[in-house]
Structure formats: C-alpha cells, structure tokens
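Have a look at the structure below, then the notes.
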Ligand SMILES: N[C@@H](CCC(=O)N[C@@H](CS)C(=O)NCC(=O)O)C(=O)O
C-alpha cells in the first residue's frame, strides 16, 4: 500500500473523528459518507434482482458468512447476497489490529474460521445445504450465482461494479469515507448476546450499513435478511424485545447494551507494521 494513500486515509480518519463529535453534523456526515461509499460501488446489490422475487433456489438452510465490514472482498459477497435476496447468518470478524494480517488473539469468531478452514482470511462462507465451505470472494460470488440465482442474468451495473477499476475505486473511497476503527474495522470488546439479533436491509442502504458496522465492531452475530418483510434498516433484539428503525438509536442501543471495553484504536499508518512483507495465505 502506498505511503501517500495511508497518509490520506489517516488524515480523513482525524477529520471524521472531529466531525462526528459535532452532534448536529454527525448524522449528515454519516449519511453523506455512506452514500459516497455506495456510489463508488454503483450501489451494487442494493436493488434486488426481480426474477429472484419469484422465490427460485432459496437455500433450505441459512448460509453462514464470516466477514467484516471494512473488508472490500467481504463487501462484494454481501452485495451478491443482497442482489439475490439470500438471508445469511453473519459472524463478524473485525480485525484485532491493523499491524498484522490474519492476527488472532481475543477475537470472538476468528478462531472458528481458523479451526474450520485452517486460515484466518475473510470472507469465509459455509453452505450446509451442499456441505461446501469457501474462501476467496470471487469463488464465493460464482458459487452463489451457480446455486442460488435461478438462472437469472447478471444486471449490467452489477457486472460493471465487479470490474477491476470499480473494485479499486470502491475499496479506496470506502476506506476514505468510513475510516474509523468502530466502523466495522477493528474490534470493540462486547458481551455476547444469548439470542441472535436480526437485521433487515440491503447492501449500501445507509441505515442498514451503519447498524452492520456497529454489530461488526462489537462482534455480535446476527441474521441479515435481504427481504422486504420489514423496512430497510430495522434491527430487532430478541434478548430485550426491542426493535429499532432509526440507525442512530439502534447504534446507541447496541453500544450501550453490549460494549464491554474500548475499541482498538489504530491509524491507517499502522497498517502492516508488524508484517510488512507478510505473505497472503495460499489458495486452497
Ligand atoms: N483473495 C482473497 C483475499 C481475502 C483477504 O485478503 N481478506 C482480508 C480482508 S480484506 C483478510 O482476510 N485479512 C486478514 C485480516 O483481516 O486479518 C479474496 O478475494 O477473498
């Protein structure tokens, strides 16, 4: 990663830290930055595929995804799940540190991925319907199309968003626009809820994204429904019987109810400090 890019990202991080402290600006800045991040991904997956509404190929058992919000490879998998309206059980695996690739010490779910797939890399998808487990975002996306698209055609904008330049643009702008550790990048220690939380929404929907970020940093597992059964951005917590449709309220509730320590606070300048020449795990 170029030094200049890291400096730029660190500057944006400081800028946003300041802006979010100004209460009346905070919601506007959240919305604007989520919107720009979505725009640079061409809002891929936000509009469901119409043919899928007929109910073709719905997985009998819910798919399971280990991922985190700050990971661009996880994003393209979520975009595809959203486009195909597939519900999924999410186990959030934010980083413990930016300094080291695949670091695992206190994380709630990273250890499960290591045990199941033998490497700490995301996204990681498990499909109990076929007994398949997959790393590699591109492989997962192809798998989803092959098994759960009902033979539908890929929409033009979705195909475009998967091309190199848009992947790079999306990655870069997302990192600039949503740079704070608590935006689903680094972990915030939390109490684990007994029952799974539930979230309705689509990829790049602003309210849904903000709630996903909070659930992610707090490592709270949840069912993500890509359906219209509830308005987008609805969060339900069966542990307290509470329901929210406002992202500010939902995020405040999540932190007040479950946070149990401080978010790992690092700057993009820490990226790769402890493993500058770390090798990516080999493809299996
Ligand atoms: N080629 C893989 C790359 C996956 C990858 O490098 N994921 C990063 C997150 S974006 C990762 O797992 N990093 C290790 C970590 O988070 O500690 C893919 O397309 O899925």
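A short reminder: the numbers here are calculations on the coordinates, not readings from a lab. Keep in mind that this is a model prediction, so the values were computed, not measured. Cβ atoms come from the backbone with ideal geometry, glycine included; neighbour counts cover every protein chain shown.
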- Task: Largest first and in whole Å, give the semi-axes of the stretch 121-266's equivalent ellipsoid, each being the square root of 5 times a Cα gyration tensor eigenvalue.
- Result: 27, 19, 16
- Calculated FRET efficiency, residue 23 and residue 240, Cβ-Cβ r, R0 25 Å, to nearest 0.05? 0.50
- Item | Two-decimal log10 I(q)/I(0) for the stretch 1-160, as the Debye equation yields it once each C-alpha is a single scatterer, q = 0.10, 0.14, 0.18 Å⁻¹ | -0.46, -0.86, -1.19
- Message: Just to be sure I understand: with springs between alpha-carbon atoms less than 10 Å apart, which residue in 28, 156, 171 has the highest mean-square fluctuation in the Gaussian network model of the chain?
- Response: 156
- Query: Which order results if 122, 109, 24 are arranged by neighbouring Cβ count within 10 Å, fewest first?
  - Reply: 24, 109, 122
- Task: Would you mind ranking 128, 266 so that the residue whose beta carbon has the fewest other beta carbons within 10 Å leads the list?
- Result: 128, 266
- Query: Sorted by average packing, counted as other Cβ atoms within 10 angstrom per residue and highest first, what order do 17-23, 112-118 take?
  - Reply: 112-118, 17-23
- How many Å³ per residue does the convex hull of the Cα positions in the chain occupy? 127
- Item | Exposure proxy order (Cβ contacts within 10 Å, fewest to most) of 138, 95 | 138, 95
- Starting at 0 and stepping by 10 Å, how many percent of the alpha carbon pairs of the stretch 25-107 end up in each bin? 15, 35, 34, 14, 2
- Query: Hey, quick one: spin label on residue 227, modelled 7 Å out along Cα-Cβ, who in the stretch 176-211 has an amide N within reach, i.e. under 15 Å?
  - Reply: 198-202
- Quote the FRET efficiency, to the nearest 0.05, computed for residue 32 versus residue 163 with a Förster distance R0 of 25 Å and r equal to the Cβ-Cβ distance. 0.45
- Task: Go ahead and estimate [θ] at 222 nm for the chain from helices alone: -39,500 (n - 2.57) per DSSP H run with n ≥ 4, summed, over the residue count, rounded to 500.
- Result: -12500 deg cm²/dmol
- Item | Simple spin-label estimate for residue 50 and residue 15 in nanometres, 7 Å along Cα-Cβ | 4.0
- Take every Cα pair under 8 Å in the chain that's 6+ residues apart, average their separations, divide by the length, and report that relative contact order as a whole percent. 25
- Query: Using the alpha-carbon centroid of each, what span in Å lies between the stretch 227-267 and the stretch 55-107?
  - Reply: 18
- Message: Which order do the peptides 178-190, 228-240 come out in when sorted by mean C-beta neighbours inside 10 angstrom, highest first?
- Response: 178-190, 228-240
